[in-house]
Amino acid sequence: MSHFMVVCTLMLLACGGAPTTRQVASVSDSTVKTAPPLPAAAQDWPQFGFDLARSSDNPASTGITASNVALLKRQQVAIDGTVDASALYFRDAKIAGATHSAFVVTTTYGKTIAIDADSGKVLWEYTPAGYNGWVGSAQITSATPVASGDHNFIFAASPDGHIQKLTLEDGKVVWNTAITLLPSREKIASSLNYFNGNVVATTGGYIGDAPPYQGHVAILDGATGKLLHVWNSLCSDQQKLIAPASCPESDSAIWGRAGAVIDSTTGNIYIATGNAKWDGATYWGDATIELDPTATKMLGNYTPANTDKLNETDADVGSTSPVLLGGGFVAQGGKDGTIRLLDPQVMGGSAPHKGAELQVVSTPSGGRLFTAPAVAHNGSTTIMYVADGGGTEAWSLVGNQLRSIWKNSNPGTSPVVSGGLLYVYNPKGGLLVYNPATGEQVANLATGSGHWNSPIIVDGRIALPEGNANGHATSGVLDIWRTQ
């Protein structure tokens, strides 16, 4: 049997069942004859990408399958802002004095909103104290919030450079902490993460890269809000919040959609930086970095051999976050239209590592990569799904090489594999649903246009925000599809 057939067979075995949305779909006879869907697993979706590693792979049954996904009914919920990010989901949680299953989102101007997953009713809404000072301006956030370990609290970003801890029950503030000294220059663009009681957040810059600013990783105590550690990608010898103008170099934004990616076994943190000087000592522009769980020690690093050219041509390595493929292998995309496969043994340690990639492949369309790839593990098989502005592609990791399985010309934001189906939002409109093994399209669910928004699929429901942060709107839409 060929390698391609082996991969497809393994993937098909994993495509057990789940229910999703409405709209016309192309469904083959072989798909219709599949077994009845399994009931949806009782699950939450507590963070961007489903898990710490941002795999965007939920292998449990969702109740949504290739045979019923086109039959789901969509509700469009009007909300007080644009969500240029993803939603969270909590099943049977205590909210507003009763038990609700709910979605939670954060808007571009920092409102965090809990929405009943069954009715679409807004259960509570948190508005940051400084909201009136930046609403309507270019000072925004596109960070997806994250839940605490017990799922009783939400950590959310706001355009004033703060992270706030909110109760899931009523949206009340527990603490509020700044992670930048210059929020008008240092933007919280990437999704938040949470590990071992700590919140992990990153900063970047705004459109135009107006100096001064530095990308940095901030570690906050989830219980108290105390800022524990800071790792600066420029002036990295200063492990604290610094006034951006005090560092001789600017930029090196940490702005990939997935933000800080965490290895769930070790707790190690992986980030990628944008354009800036790289010297392999204290300036780490256009680099992939591995830090220890406290962000106080560098464990690994990599920059391409042409790092100076990337900086000069605005071809950020950090336009997307690192992808953990398992076995220590890391895939790193970028604005230069490539994906680099990195060997952990080559990038390990604090000594500077330039070049020596295992492999370099083109992005699906050869265009810039701004999305967060999905990674599905099926036994010994690892599949990576990538979407860019001109295509979607699946690769398998075989030994120390990526091999293309299938490819199309449909654009997309960050892909999600859930309940045996692959979901890719076309920011021009439409949520495409595929057989992940073959790339066969099984549905195209009607949506409005967007930007970096991506779906979540869990518990018989799909949630997808619409809209573009750069429109500076104060209203928006959350699409919810249900199996019943």
Note: among 179, 207, 219, 254, just one is of a type in the set (A, V, I, L, M, F, W, C), at pLDDT below 95 and under 24 Å from the mean Cα position of the chain (by Cα), namely 207
Of the candidates 346, 330, 360, the one satisfying the condition of being among the hydrophobic types (A, V, I, L, M, F, W, C), under 20 Å from residue 273 (Cα atoms) and in contact with a Pro (Cβ under 6 Å, 6 or more places away or on another chain) is 330
Restricted to segment 402-460 and to residues being among the β-branched types (Val, Ile, Thr) and assigned to a loop (DSSP other than H, G, I, E, B), the residue surrounded by the fewest Cβ atoms within 10 Å (Cβ to Cβ) is 438
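Every residue, every condition in (1) part of a strand (DSSP E or B); (2) in contact with a strand residue (DSSP E or B) (Cβ under 7 Å, 6 or more places away or on another chain); (3) more than 19 Å from residue 346 (Cβ to Cβ), yes or no:
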| residue | (1), (2), (3) |
| --- | --- |
| 248 | no, no, yes |
| 255 | no, yes, yes |
| 258 | no, no, yes |
| 266 | no, no, no |
| 286 | no, yes, no |
| 305 | no, yes, no |
| 311 | no, no, yes |
Restricted to segment 326-337 and to residues being in contact (Cβ under 8 Å) with a residue 24 or more places away in the chain and in contact with an Asp or Glu (Cβ under 9 Å, 6 or more places away or on another chain), the residue nearest to residue 306 (Cα to Cα) is 336
Counting only residues in segment 386-401 that are in a strand (DSSP E or B) and polar (S, T, N, Q), the one farthest from residue 439 (Cα to Cα) is identified as 401
Within segment 194-221, the count of residues that are small (Gly, Ala, Ser) and buried (at least 24 other Cβ atoms within 10 Å of the Cβ) comes to 5
Scanning segment 121-133 for residues that are more than 30 Å from residue 75 (Cα to Cα) and hydrophobic (A, V, I, L, M, F, W, C) gives 129
Residue 229 fails exactly one of (1) over 21 Å from residue 286 (Cα atoms); (2) assigned to a loop (DSSP other than H, G, I, E, B); (3) over 21 Å from the mean Cα position of the chain (by Cα), namely (2)
(1) under 23 Å from the mean Cα position of the chain (by Cα); (2) buried (at least 19 other Cβ atoms within 10 Å of the Cβ); (3) at pLDDT 95 or above; (4) assigned to a loop (DSSP other than H, G, I, E, B) all hold for residue 65 apart from (1)
Screening 382, 371 for residues that are buried (at least 24 other Cβ atoms within 10 Å of the Cβ), within 26 Å of residue 289 (Cβ to Cβ) and of a type in the set (S, T, N, Q) leaves only 371
Scan segment 290-303 and tell me whether some residue there is at pLDDT 95 or above, assigned to a loop (DSSP other than H, G, I, E, B) and in contact with a Lys or Arg (Cβ under 9 Å, 6 or more places away or on another chain). no
Restricted to segment 268-284 and to residues being touching a helix residue (DSSP H, G or I) at 6+ places or on another chain (Cβ under 6 Å) and part of a loop (DSSP other than H, G, I, E, B), the residue nearest to residue 202 (Cα to Cα) is 273
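The values are calculated or read from the model by the stated rules, or taken from the named source; none is laboratory data. Keep in mind the model is a prediction, meaning the values are calculated, not measured. Counting neighbours? That spans all protein chains shown, and the Cβs are built from the backbone with ideal geometry, glycine included.
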